[in-house]
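**Student:** Take a look at this one; I'll ask things after.
The values are calculated or read from the model by the stated rules, or taken from the named source; none is laboratory data. These numbers were taken from a predicted model, which means no experiment stands behind them. Cβ: placed from backbone, ideal geometry, glycine included. Neighbour counts: every protein chain shown.
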Amino acid sequence: MNPEEIRALLTRREADWRSGNARALTADHAPDGVVVSPTGGVLEGLDEIERIYALWFRAFPDLSTTITDIVIDGQRAVLLIDIAGTQSGDFLGLPPTGRKVQVPGAFIYEFKDGRIQHERRILDFTGVLVQVGVLKAKPAAG
């Protein structure tokens with residue numbers, strides 16, 4: 001893939017995130033693809049990858065990502081995003097809270113044959129847990 005094709009794929013995926021389309025997002029991955037996720041661990045294969053997309057969309061039906069930057073180097077790319085949504089469904093055993101979540105994230109991609117071969121998701125998962133009320137944050141010392 002050339003840089004323009006990679007940028008177009010990553011930009012198109014933003015719409016799939018906004019529409020909660022787990023199947024479309026999964027279709028961008030190679031059949032033997034791997035995703036390393038703070039919510040799912042190491043996911044291998046399309047069924048496991050789709051499962052974690054679906055988990056997020058069930059928990060946060062209005063989940064969206066906003067791209068803040070894309071860096072492309074050959075067949076690798078880093079996507080910097082803001083993730084936002086309202087926890088309206090079960091999330092890792094936590095019943096719906098109705099709380100809004102907004103955290104930064106970085107997704108690191110490796111492409112092969114026009115698909116995502118490997119993806120590593122880095123996000124402020126502690127921030128997610130604080131915002132949905134699982135963890136309590138101490139006020140900053142002044």
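**Student:** Which members of segment 20-59 meet the condition of being under 19 Å from Gly127 (Cβ atoms) and at pLDDT 95 or above?
**Tutor:** Once the filter is applied, which keeps residues that are under 19 Å from Gly127 (Cβ atoms) and at pLDDT 95 or above, segment 20-59 yields only Val36.
**Student:** Kindly provide the set of residues from segment 15-47 that are of a type outside the set (Gly, Ala, Ser) and either closer than 15 Å to Ile108 by Cα or buried (at least 19 other Cβ atoms within 10 Å of the Cβ) (or both), ordered by number.
**Tutor:** Trp17, Leu25, Thr26, Asp28, His29, Val34, Val35, Val36, Pro38, Val42, Leu43
**Student:** Would you mind stating whether Thr65 is surrounded by 15 or more Cβ atoms within 10 Å (Cβ to Cβ), over 21 Å from Thr11 (Cβ atoms) and of a type in the set (S, T, N, Q)? Walk me through how you get there before you give the answer.
**Tutor:** Numbers: surrounded by 15 or more Cβ atoms within 10 Å (Cβ to Cβ): yes; over 21 Å from Thr11 (Cβ atoms): no; of a type in the set (S, T, N, Q): yes.
Judged against the criteria, Thr65 is not a match.
**Student:** Which residue is nearest to Thr66 (Cα to Cα), if the candidates are limited to segment 98-139 and must be among the β-branched types (Val, Ile, Thr) and buried (at least 17 other Cβ atoms within 10 Å of the Cβ)?
**Tutor:** Kept after step one, since they are among the β-branched types (Val, Ile, Thr), are these residues of segment 98-139: 101, 103, 108, 116, 122, 126, 128, 130, 132, 134.
Now narrow it down to the ones that are buried (at least 17 other Cβ atoms within 10 Å of the Cβ): 101, 103, 116, 128, 132.
Working: Val101: 13, Val103: 11, Ile116: 19, Val128: 16, Val132: 20 Å.
Among those that are among the β-branched types (Val, Ile, Thr) and buried (at least 17 other Cβ atoms within 10 Å of the Cβ), it is Val103.
**Student:** Mind listing just one residue for me: the one in segment 43-77 that is in contact with a Pro (Cβ under 9 Å, 6 or more places away or on another chain) and in a helix (DSSP H, G or I) and, of those, nearest to Asn2 (Cα to Cα)?
**Tutor:** By that ranking, first place goes to Leu46.
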